[in-house]
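Chemist: One structure, pasted below without further comment.
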Amino acid sequence: FDGPIRVFHSAKVEYYAPSDSCGMGGMHREVIHANPNYGGSCRFDTIFVSVGDEAEAMNGLLVAWVWLLFSYFDPYHSKDVPCTLVTWFIHPSDNPERDKDTGMWK
């Protein structure tokens with residue numbers, strides 16, 4: 001690959017999150033940051049990534065830390081390809097359980 005790479009310090013995302021706090025329809029909007037200079041300090045957000053079936057551990061979600069948001073142009077398909085460089089936080093158990101009192105994953 002020898003084309004240009006475009007780097008972004010934030011990305012607006014919209015996703016479905018069925019809960020009362022998201023309002024009608026469950027659609028939610030946020031901004032994800034990967035900025036090495038955000039008001040004098042760095043800001044690299046943590047995100048949930050849907051990776052599979054909800055029956056799997058943590059309802060099919062993994063946790064990742066966003067380091068870089070970028071895109072490149074794919075000349076074979078004639079389109080921009082959005083990408084994210086992340087560090088994965090892998091749960092130490094293959095089958096994590098929820099705490100019965102708090103509902104938090106343990």
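Chemist: Applying 1/(1 + (r/R0)^6) with R0 = 41 Å to the Cβ-Cβ distance of V31 and D99, what FRET efficiency is obtained, to the nearest 0.05?
Modeler: Values: r = 31 Å, r/R0 = 0.74.
Calculated value: 0.85.
Chemist: Related question: Give, in nm to one decimal, the length gained when the segment between C42 and M58 is fully stretched (0.36 nm per residue of separation minus the Cα-Cα distance).
Modeler: Numbers: separation 16, 0.36 × 16 = 5.76 nm, distance 2.87 nm.
Contour length minus Cα-Cα distance gives 2.9 nm.
Chemist: In nm, to one decimal, how far is the F73 label point from the F8 one, both placed 7 Å along Cα→Cβ?
Modeler: About 1.7 nm, to one decimal.
Readers should treat all values here as calculations from the given coordinates under stated rules, not as data from a laboratory. If you're wondering where the values come from, they're calculated on a predicted model, not measured in any experiment. FYI the Cβ positions are ideal-geometry reconstructions off the backbone, even for glycines, and counts take in every protein chain you see.
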